[in-house]
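Asks: Got a structure for you, questions after.
The values are calculated or read from the model by the stated rules, or taken from the named source; none is laboratory data. Owing to the predicted nature of the structure, the values given are computational and were not obtained by experimental measurement. Virtual Cβ from ideal backbone geometry, glycine too; neighbours counted across all protein chains shown.
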Amino acid sequence: MYRSWTSHLWRYLLILIAVLIVAYPIVWMGTMAFKPFQEWTTVDGVHWIPEKGTVENFLFLFNGEVESLVVTLDRTIWKPLLASVVTASLGTFIAVVIGTLGSYAVSRFGVGMNLPLSVLQLRLFPPLAVMIPVMVMWAFIGAIDTWWGLSLIYAIVTLPFSFWLMKTFFDEVPVEIEEAALVEGCSRWRVFYRVTLPMVKAGLATTALFVFILNWSDYLLALLLTRKDWVTLPVYMSSLASAMGGQMYGMKAALGLIAAVPPVVFGIMIQKYLVRGLTFGALKQ
Amino acid sequence: MATIELKSLTKQFGQLLAVNSLDLLIPDRKFVALLGPSGCGKTTTMNMIAGIESASDGEILFDGNNVRTLPARQRGVGFVFQNYAIFTHMTVYENLAFGLRSRGMKGPEIEKKVTDMAELMRLTDRLHWPSARLSVNEMQKVAIGRSAVTEPAIFLLDEPLSNLDAAFRAFMRTELKHLQHQFQQTMVYVTHDQIEAMSLADMIAVMNLGVLQQYGTPIEVYNRPNNTFVANFMGSPSMNLLDATIGGGDGSTRIEFPGGGQFEVNDEDLLRRCKSATTGAIKFGARPEDIALEPSGHTGDGVKAKVNFVEPIGPRTIVHLAVGEEIIKVVVPKGSGFELGSDVKAVFPKGKCHIFDAETGNAIGLE
């Protein structure tokens, strides 16, 4: 389509503004992570570039102490990092596997009548409304502050997303493709993993990333269902304050940078599929 | 090789009777077309033969063995879909090898069969392309090749040519014929295009509303239609069907049209058929290409008509005539020079007229 240069100008201007709005806090976080304590808050306004760049914020998180600061951490980043990786990954894995298999059954065989909607009702309430009963239940089965307890609740609350996303992808696969494979001598299972699943792998990757980001960034569930051992990164971040030093902005920024790494890496890994996944409806039939 | 026999095959979707007690014998190595308008149950029938759809009732026999409960993968049929249904996440090679692999064939054998098939379908230079990049025509070639490569005794094609462009369609028609000669399969071909059915098939089964209307060779179905549906469906433009009555007296039999016009029946076949009619009210049928047009002064038998519309279609011209209230179409060679509004006489051909019961639509006195 032909566009005049003015319409191009407006387009890019709009994109630029959007990028600025999104990038501003990220850049702020990026530079803050490398600022020493003295530069965190200044009376003479904001410095974007750290005057005396340092990696001490990171060292502090990992070691619990640095020479330049008198305060120490009683908990380093290691355990929360592990907790986040384990619970977010496991929760994602369970939600995606169940969501994929379940939505395939619904999409292809029309089983479970109201199942799609009853899955959706998991998201109808604000999480807080159900979290107190969930806490009681989790306490009852001994799931509070365990890796499996948190993974389980992550899987449950993200199941609607994986279920519905995967369902739309499966709905897009023409049924004739599967029938062709059936006629060509495949069993139902073989059709699923040799034909259908490869055809929706872009969607699968997109769904997994989406669900992972949801789990990775959760604060509320982890706050309520963990105490000490399996505290995740977001909850840990909120604890980064001390009576003496106040809010540890540098450490929080450093933690934010670290926390951004897995989703970004994951995203780059599946970038090829991501565009396909998001534009899946354009598949030639 | 394989004979397919359907015995009172029925498929019900809820309230809808998609296929109603269908009996059909498809002889070994024959090319049979299932022909009918969309929604007539032809694709459902095909799916039941393939095992994609389960039958509600009846039997499906391959060489006398009932396969109705056998899963699709064990029936050993080839199936080509209207929308190709090729595996777009695989290369052309992988597509062609798919059926062989899932049947447990090994490396070198697959390689040979796939390259042979690619050559036959003229896909050799596309063999390692991702199949999503193929043109529509090539996709359908891959789909046909993928089904043919396992050399099934039964080959089912569900409107395989309907999405292709006209030139390629004509080419594929002959290719399919060659394919059948080479592999000697029993072919069942679903189509709504009667020309395709006429040109390809040894036998045509015309279906409507889930019921078999007529089953016979293309010429039989074309020349001796069982009922008004078949008469109307076969041929383009379709057969003229006019309300008429059988009249006569004083030793002659006449066909009279309510809007005026009549002619004396003087060919034996039609005379015999008229005599076996139990009802006076009939539908009179004659194909547009069989009717002759004469000047209005013509003295022989015929019906007076007025040229209402002239539709030139290249080699021929379709002349629309007003006969009383009704319109009939007549195909004449191009340049026959019938002017709009002129009076003419339509002469119905001997031995090529049809009469049907006005109520049931069934042919009267068909032998």
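Asks: Filter segment B:67-108 for residues that are of a type in the set (A, V, I, L, M), assigned to a strand (DSSP E or B) and facing chain A (nearest Cβ under 8 Å) and give the result.
Replies: Correct list: B:Val77 only.
Asks: Could I ask something else about it? What's the number of the only condition in (1) in contact (Cβ under 8 Å) with a residue 40 or more places away in the chain; (2) among the polar types (S, T, N, Q); (3) in a strand (DSSP E or B) that B:Ser236 fails to meet?
Replies: Of the numbered conditions (1) in contact (Cβ under 8 Å) with a residue 40 or more places away in the chain; (2) among the polar types (S, T, N, Q); (3) in a strand (DSSP E or B), the odd one out for B:Ser236 is (3).
Asks: Give the residue that is farthest from B:Leu35 (Cα to Cα), with candidates limited to residues of segment B:173-189 that are assigned to a strand (DSSP E or B) and among the aliphatic types (A, V, I, L, M). Don't jump to the end; show me each part of the working.
Replies: Initial filter on segment B:173-189 (assigned to a strand (DSSP E or B)): B:186-189.
Now restrict to residues that are among the aliphatic types (A, V, I, L, M): B:187-188.
Numbers: B:Met187: 14, B:Val188: 10 Å.
Among those residues, the one meeting the criterion is B:Met187.
Residue by residue, here is whether (1) outside any helix (DSSP H, G or I); (2) surrounded by fewer than 22 Cβ atoms within 10 Å (Cβ to Cβ); (3) touching a residue at least 40 places away in the same chain (Cβ under 8 Å); (4) within 14 Å of chain B (Cβ to nearest Cβ) holds:
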| residue | (1), (2), (3), (4) |
| --- | --- |
| A:Asp171 | no, yes, yes, no |
| A:Arg190 | no, yes, no, yes |
| A:Tyr193 | no, yes, no, yes |
| A:Thr206 | no, no, yes, no |
| A:Phe210 | no, yes, yes, no |
| A:Ile213 | no, yes, yes, no |
| A:Asp218 | yes, no, yes, no |
| A:Leu224 | no, yes, yes, no |
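Asks: Could you figure out which of (1) more than 14 Å from chain B (Cβ to nearest Cβ); (2) farther than 25 Å from A:Val86 by Cβ; (3) more than 21 Å from the chain's Cα centre (by Cα); (4) buried (at least 17 other Cβ atoms within 10 Å of the Cβ) isn't true of A:Lys167?
Replies: Of (1) more than 14 Å from chain B (Cβ to nearest Cβ); (2) farther than 25 Å from A:Val86 by Cβ; (3) more than 21 Å from the chain's Cα centre (by Cα); (4) buried (at least 17 other Cβ atoms within 10 Å of the Cβ), only one is false for A:Lys167: (3).
Asks: What are the residues in segment A:195-204 that are under 23 Å from the mean Cα position of the chain (by Cα) and either farther than 20 Å from A:Thr92 by Cβ or part of a helix (DSSP H, G or I) (or both), if any?
Replies: A:Leu197, A:Lys201, A:Ala202, A:Gly203, A:Leu204
Asks: On the basis of being in contact with a Phe, Trp or Tyr (Cβ under 9 Å, 6 or more places away or on another chain), assigned to a helix (DSSP H, G or I) and modelled with pLDDT of 90 or more, does A:Leu150 make the cut?
Replies: When the stated conditions are applied, A:Leu150 passes them.
Asks: Restricted to segment B:281-302, and to residues that are at pLDDT below 85 and surrounded by 15 or more Cβ atoms within 10 Å (Cβ to Cβ), which residue is farthest from the chain's Cα centre (by Cα)?
Replies: B:His298
Asks: Same structure, new question: Just checking, which of A:Ile49, A:Ile26, A:Ile21, A:Ile15 is outside the structural domain of A:Leu214 (by TED's automatic domain parsing), farther than 30 Å from A:Thr146 by Cα, modelled with pLDDT under 90 and of a type in the set (Val, Ile, Thr)?
Replies: Only one candidate passes the filter, namely A:Ile49.
Asks: Name the one entry in A:Thr41, A:Thr72 that is touching a helix residue (DSSP H, G or I) at 6+ places or on another chain (Cβ under 8 Å) and closer than 21 Å to A:Ala241 by Cβ.
Replies: Selected residue: A:Thr41, the only one of A:Thr41, A:Thr72 that is touching a helix residue (DSSP H, G or I) at 6+ places or on another chain (Cβ under 8 Å) and closer than 21 Å to A:Ala241 by Cβ.
Asks: Of all residues being in contact with a Gly (Cβ under 9 Å, 6 or more places away or on another chain) and among the β-branched types (Val, Ile, Thr) in segment A:112-142, which is nearest to A:Leu221 (Cα to Cα)? Just the residue, please.
Replies: Checked segment A:112-142; the qualifying residue nearest to A:Leu221 (Cα to Cα) is A:Ile141.
Asks: Among the residues that make up segment B:210-220, is at least one of them among the aliphatic types (A, V, I, L, M) and either within 14 Å of another protein chain (Cβ to nearest Cβ) or buried (at least 22 other Cβ atoms within 10 Å of the Cβ) (or both)?
Replies: yes
Asks: What are the pairs, 6+ residues apart or on separate chains, where a residue within segment B:113-130 that is in the same structural domain as B:His178 (by TED's automatic domain parsing) and touching a residue at least 12 places away in the same chain (Cβ under 8 Å) has its Cβ under 6 Å from a residue that is crowded, with 19+ Cβ neighbours inside 10 Å and outside any helix (DSSP H, G or I)?
Replies: Filtered contacts from segment B:113-130: B:Lys113/B:Val149; B:Met117/B:Val149.
Yes/no matrix, rows are residues, columns are (1) under 30 Å from A:Tyr24 (Cβ atoms); (2) in contact with a Ser or Thr (Cβ under 9 Å, 6 or more places away or on another chain); (3) at pLDDT below 90; (4) in the same structural domain as A:Met199 (by TED's automatic domain parsing):
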site	(1), (2), (3), (4)
A:Gly45	yes, no, yes, no
A:Ser89	no, yes, no, yes
A:Phe109	no, no, yes, yes
A:Met113	no, no, yes, yes
A:Ser118	no, no, yes, yes
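Asks: Can I ask one more? Here are some residues: B:Ala55, B:Ala33, B:Ala50. Which one is away from every other protein chain (no Cβ under 14 Å), buried (at least 19 other Cβ atoms within 10 Å of the Cβ) and in contact (Cβ under 8 Å) with a residue 60 or more places away in the chain?
Replies: Residue meeting the stated conditions: B:Ala33.
Asks: Also, I was wondering about something else. Can you give me the number of residues within segment A:195-204 that are within 7 Å of chain B (Cβ to nearest Cβ) and in contact with a helix residue (DSSP H, G or I) (Cβ under 8 Å, 6 or more places away or on another chain)?
Replies: Number satisfying all stated conditions: 2.
Asks: Answer yes or no: is there a residue in segment B:230-240 that is at pLDDT 85 or above, farther than 30 Å from B:Val19 by Cβ and either touching a strand residue (DSSP E or B) at 6+ places or on another chain (Cβ under 9 Å) or surrounded by fewer than 15 Cβ atoms within 10 Å (Cβ to Cβ) (or both). Spell out how you get there, then give the answer.
Replies: First pass over segment B:230-240, keeping only residues at pLDDT 85 or above: B:230-235, B:237-240.
Okay, now just the ones that are also farther than 30 Å from B:Val19 by Cβ, so B:240.
Imposing the further condition that a residue be either touching a strand residue (DSSP E or B) at 6+ places or on another chain (Cβ under 9 Å) or surrounded by fewer than 15 Cβ atoms within 10 Å (Cβ to Cβ) (or both) reduces the set to B:240.
Yes - at least one qualifying residue is present in segment B:230-240.
Asks: Could you tell me whether any residue of segment B:128-149 is outside any helix (DSSP H, G or I) and crowded, with 22+ Cβ neighbours inside 10 Å?
Replies: yes
Asks: Name the one entry in A:Arg108, A:Arg123 that is of a type outside the set (A, V, I, L, M, F, W, C) and in contact (Cβ under 8 Å) with a residue 60 or more places away in the chain.
Replies: Values: A:Arg123 fails: in contact (Cβ under 8 Å) with a residue 60 or more places away in the chain.
From the options A:Arg108, A:Arg123, the qualifying one is A:Arg108.
Asks: Taking segment B:102-116 as the search range and keeping residues that are of a type outside the set (Val, Ile, Thr) and in contact with a Lys or Arg (Cβ under 8 Å, 6 or more places away or on another chain), which one is surrounded by the fewest Cβ atoms within 10 Å (Cβ to Cβ)?
Replies: B:Met105
Asks: Can you name the strands (runs of 3 or more DSSP E) wholly within segment B:259-367 that have at least 2 residues being farther than 24 Å from B:Pro225 by Cα?
Replies: Answer list for segment B:259-367: B:292-295, B:303-312, B:316-323, B:343-347.
Asks: Still on this structure, I have one more. What number goes with the only condition from (1) buried (at least 20 other Cβ atoms within 10 Å of the Cβ); (2) closer than 17 Å to A:Phe62 by Cα that A:Ser238 does not pass?
Replies: Here A:Ser238 clears every test but (1).
Asks: I need the full set of residues from segment B:327-340 which are at pLDDT 85 or above and either surrounded by 11 or more Cβ atoms within 10 Å (Cβ to Cβ) or among the aliphatic types (A, V, I, L, M) (or both), in order please.
Replies: B:Ile327, B:Ile328, B:Lys329, B:Val330, B:Val331, B:Val332, B:Leu340
Asks: Is there a residue being in contact (Cβ under 8 Å) with a residue 40 or more places away in the chain, crowded, with 18+ Cβ neighbours inside 10 Å, not β-branched (Val, Ile, Thr) and not in a loop (DSSP other than H, G, I, E, B) anywhere in segment A:63-72?
Replies: So far as segment A:63-72 goes, no, none of its residues is in contact (Cβ under 8 Å) with a residue 40 or more places away in the chain, crowded, with 18+ Cβ neighbours inside 10 Å, not β-branched (Val, Ile, Thr) and not in a loop (DSSP other than H, G, I, E, B).
Asks: Right, next: Give the residues of segment B:1-30 that are more than 24 Å from B:Leu179 (Cα to Cα), crowded, with 23+ Cβ neighbours inside 10 Å and of a type in the set (Val, Ile, Thr), sorted by residue number.
Replies: Answer for segment B:1-30, where residues must be more than 24 Å from B:Leu179 (Cα to Cα), crowded, with 23+ Cβ neighbours inside 10 Å and of a type in the set (Val, Ile, Thr): just B:Val19.
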